[in-house]
1. Return the residues of the range 255-296 that are assigned to a helix (DSSP H, G or I) and more than 22 Å from the chain's Cα centre (by Cα); say none if nothing qualifies.
2. So which residues in the range 196-228 are farther than 22 Å from E27 by Cβ and either of a type in the set (D, E, K, R) or at pLDDT 85 or above (or both)?
3. So which pairs qualify, if the first residue must be in the range 298-312 and over 17 Å from I363 (Cβ atoms) and touching a residue at least 12 places away in the same chain (Cβ under 8 Å), the second must be basic (K, R) and assigned to a helix (DSSP H, G or I), the Cβ gap must be under 7 Å, and the two must be at least 6 apart or on different chains?
4. A267 versus (1) crowded, with 23+ Cβ neighbours inside 10 Å; (2) out of contact with any Lys or Arg (no Cβ under 8 Å at 6 or more places or on another chain); (3) farther than 14 Å from W231 by Cα; (4) among the hydrophobic types (A, V, I, L, M, F, W, C): which is the lone unmet condition?
5. Between residues in the range 92-120 that are at positive phi and residues that are part of a strand (DSSP E or B), which pairs lie under 7 Å by C-beta distance while being six or more apart or on different chains?
6. If I go through the range 48-84 residue by residue, how many of them are in contact with a Ser or Thr (Cβ under 9 Å, 6 or more places away or on another chain) and assigned to a strand (DSSP E or B)?
Amino acid sequence: MRSALIALILGLLLLFSGCIERQEAPEVMEQEANEEWKADGIIGDGEYSRSMLLQGSARQGYSGGDLAVSWKNDKEYLFLALNGSTDAWLAIGFDPLEWMKNADIILASVQGGKAVVLDEYCTGNYGPHIEDTMLGGSDDIMESGGSKSAGRTVIELKRRLDTGDRFDKAFSPGGAVSMIWALSSNPDISLKHNIAYGEGILSLTGGEAAAAGAAVATLTAREKDGLIFIWEEEKAARDLYNGLYEKNNMTIFLDLVRSESSHMDQARTVMEKQGLTLPPDEPGVFQNQTLQEIHDQLLAEGLQSDQDALTVAAIFEEISIVDLEKELLASQAEDVRTVYDGLLAGSRKHLRSYVSDLEGQGIEYQPRYLEAEQFQEIVKS
């Protein structure tokens with residue numbers, strides 16, 4: 001009876017696998033930052049060491065657009081450029097707890113030829129986001145500039161990695177942070193974005209300039225196996241959440257299916273650089289038998305109720321955190337570690353989201369795989 005049920009579930013996954021739009025993760029481009037940084041709204045060829053293009057497709061209520069993000073950092077400062085397909089406002093938010101909640105937000109536009117850059121903090125899942133100064137914090141944008149032409153807005157800014165303001169995300173050289181972004185065609189910042197939105201991962205350097213054309217590091221057999229495993233584990237998360245969404249239509253799973261697809265593509269980018277072969281991307285099917293068993297068991301349990309769905313999703317994120325931390329210890333290659341850092345930031349964010357939703361239903365989630373102290377640190381951060 002149980003095998004028949006699992007077969008039916010897998011059949012449904014195959015049937016519905018194309019229902020959720022797949023988001024391609026951006027490739028992070030690296031170059032040597034050998035040009036002096038200026039907050040003039042003009043992004044120079046050698047002004048930033050890293051860049052990526054974030055894209056949001058047209059969907060109900062959104063016309064579709066993109067945001068090019070360029071950045072560099074040293075041991076003390078972050079230098080950031082945003083180039084979005086809008087002539088109104090654009091925004092990014094760092095390290096949200098759930099959706100937009102607790103995100104360190106930068107909302108910017110160009111008005112009268114001058115950049116208007118707001119240092120804000122979001123207090124709820126979908127707003128409001130309020131200027132830090134109105135909450136008792138400080139405005140920590142040290143320099144900014146911007147330009148607007150041909151339907152695009154460019155914003156450049158500088159801030160400290162750690163501003164000391166509790167409403168700002170504290171960055172660390174070599175670390176990674178999850179981010180959300182949005183574009184609007186309406187100059188009224190109180191109105192919801194309507195061009196595009198999405199998420200990404202901002203990975204900082206260790207504080208030294210990246211060398212252009214640097215050779216690809218040679219991975220050990222252990223590192224290669226780990227990278228393939230992590231890609232398939234992100235796939236297991238995507239397929240699990242896809243199956244749960246098809247059962248209960250909970251928005252959290254729809255959004256996190258897209259997020260896990262992005263995580264898969266981030267790992268895939270490094271795998272392709274290394275010439276590694278991806279396992280088949282067949283929904284609900286895995287080369288690693290441990291992942292196969294975990295996926296099947298959690299999916300069967302999660303289909304019982306909405307609360308069960310959130311619980312098994314939180315369990316999977318715990319497993320993912322443990323595995324990513326293990327692979328980080330086993331890997332020395334900087335590009336691989338950067339991906340793992342980003343995925344780890346995403347898994348922690350997802351765990352917070354699931355635990356928060358369970359708490360909203362009056363359920364206190366108890367960790368299964370993480371130590372209690374580490375779990376509390378993650379969900380309360």
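The values are calculated or read from the model by the stated rules, or taken from the named source; none is laboratory data. This structure is a prediction, so every number in the text was calculated from the model and none was measured. Please note: Cβ atoms are built from the backbone with ideal geometry, for glycine as well, and neighbour counts cover all protein chains shown.
1. Once the filter is applied, which keeps residues that are assigned to a helix (DSSP H, G or I) and more than 22 Å from the chain's Cα centre (by Cα), the range 255-296 yields Q289, T290, L291, Q292, E293, I294, H295, D296.
2. Passing the criteria: T220, A221, R222, D225.
3. L303/K247
4. With (1) crowded, with 23+ Cβ neighbours inside 10 Å; (2) out of contact with any Lys or Arg (no Cβ under 8 Å at 6 or more places or on another chain); (3) farther than 14 Å from W231 by Cα; (4) among the hydrophobic types (A, V, I, L, M, F, W, C) applied to A267, the lone miss is (3).
5. D95/D104; D95/V177; D95/S178; W99/N125; N102/C122
6. Qualifying residue count, the range 48-84: 18.
Residue-wise test of (1) under 30 Å from K224 (Cα atoms); (2) assigned by TED's automatic domain parsing to the domain that holds H263; (3) among the charged types (D, E, K, R); (4) not in a helix (DSSP H, G or I).
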position	(1), (2), (3), (4)
L328	yes, yes, no, no
I363	no, yes, no, yes
R368	yes, yes, yes, yes
F375	yes, yes, no, no
